[in-house]
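Structure, as structure tokens:
The values are calculated or read from the model by the stated rules, or taken from the named source; none is laboratory data. No experiment lies behind these values; they were computed from the predicted model shown. Counting neighbours? That spans all protein chains shown, and the Cβs are built from the backbone with ideal geometry, glycine included. When the accessible area is computed, the model is the full protein with side chains, heavy atoms only, and any ligands, DNA or RNA have been set aside. Shrake-Rupley method; radii C 1.70, N 1.55, O 1.52, S 1.80 Å.
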Amino acid sequence: MQGQNQQQAYDRGITIFSPDGRLYQVEYAREAVKRGTASIGVRTSDGVVLAVDKRIRSPLMERSSVEKIHKADDHIGIASAGHVADARQLIDFARRQAQVNQLRYGEPVGVETLTKEITDYIQQYTQVGGARPFGVALIIGGIVNGEPRLFETDPSGTPYEWKALAVGADRGDIRDYLEEHYDEGMDLDEGVDLALAALASVNEDGLTPEGIGVATVDVETETFGQLTDEEKETHLAEADLLDTGEDVDDEGEDEDATEE
């Protein structure tokens with residue numbers, strides 16, 4: 001009984017390390033990320049691709065209200081997995097920091113600089129009593145001086161740079177697919193095709209243009225832009241990934257609506 005009480009003490013206290021050096025609340029925040037639908041980032045020689053699974057639970061839901069891809073600055077996009085409310089807070093923080101950098105230095109913020117500012121902010125919530133960690137992971141992609149950069153933020157406040165990555169549900173399976181098929185010489189369209197194929201690899205019924213989100217930041221214009229439904233449908237049809245059946249995920253109806 002005493003051992004269980006000690007375990008609960010470490011479990012409840014965000015500022016208390018367990019005897020084996022673990023912060024349980026941070027690990028639980030990572031589990032919240034795993035409950036969210038998948039988001040993928042791919043870095044190519046021509047730019048960065050962000051792709052997300054936008055799970056539609058009901059035909060009555062306005063699909064435009066499911067936001068998992070965000071514009072942080074003209075040259076930076078962010079995809080999220082985990083608690084939507086937590087993601088919105090971090091996106092708003094990222095946008096403010098991008099504007100502060102522009103006003104203070106007269107130049108766009110660097111992707112790595114912005115990522116580290118976000119992770120510094122996240123890390124503060126792992127060592128302050130009376131608060132909880134952010135239950136979300138972000139994929140931050142953009143262009144700096146003609147160079148594509150792609151980063152991940154972790155609920156612990158640790159940044160990682162990747163060539164291609166996935167966060168959220170089925171992360172392991174999607175990463176295996178990316179490791180097998182990723183090629184550093186890909187162009188932007190091939191990067192979009194790879195991201196969609198990786199999403200489809202864990203969706204047996206295929207994908208629909210309405211059920212996914214895709215955005216790119218290309219090297220030539222250094223501008224963030226989202227693909228239209230017609231463009232997404234073209235990519236899916238050419239890769240034979242298009243789902244011609246229902247686009248409503250019945251299995252997701254009972255899941256927590258705050259997690260995406």
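Things worth noting here:
- Restricting region 212-227 to residues that are small (G, A, S) and open to solvent by less than 10 Å² (accessible area, probe 1.4 Å), the residue that is nearest to D187 (Cα to Cα): A215
- Any hit, region 73-84, residues being open to solvent by less than 60 Å² (accessible area, probe 1.4 Å), small (G, A, S), under 28 Å from I212 (Cα atoms) and over 13 Å from the mean Cα position of the chain (by Cα): no
- Counting residues in region 86-93 that are aromatic (F, W, Y), at pLDDT below 95 and out of contact with any Pro (no Cβ under 6 Å at 6 or more places or on another chain) gives zero.
- Residue in region 205-214 that is of a type in the set (D, E, K, R), in contact with a Pro (Cβ under 7 Å, 6 or more places away or on another chain) and part of a helix (DSSP H, G or I) present: no
Results for (1) without any contact (Cβ under 8 Å) to a residue 12 or more places away in the chain; (2) out of contact with any helix residue (DSSP H, G or I) (no Cβ under 8 Å at 6 or more places or on another chain), shown as yes or no for each residue.
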{"residue": "S64", "(1), (2)": "yes, yes"}
{"residue": "E67", "(1), (2)": "no, no"}
{"residue": "D73", "(1), (2)": "no, no"}
{"residue": "I76", "(1), (2)": "no, no"}
{"residue": "R95", "(1), (2)": "no, yes"}
{"residue": "N101", "(1), (2)": "no, no"}
{"residue": "D120", "(1), (2)": "no, yes"}
{"residue": "T126", "(1), (2)": "no, no"}
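- Criterion violated by Q99 - all others in (1) open to solvent by 10 Å² or more (accessible area, probe 1.4 Å); (2) more than 12 Å from the chain's Cα centre (by Cα); (3) modelled with pLDDT under 95 satisfied: (3)
- For region 26-79, filtering for residues that are among the small types (G, A, S) and not in a strand (DSSP E or B) leaves 8.
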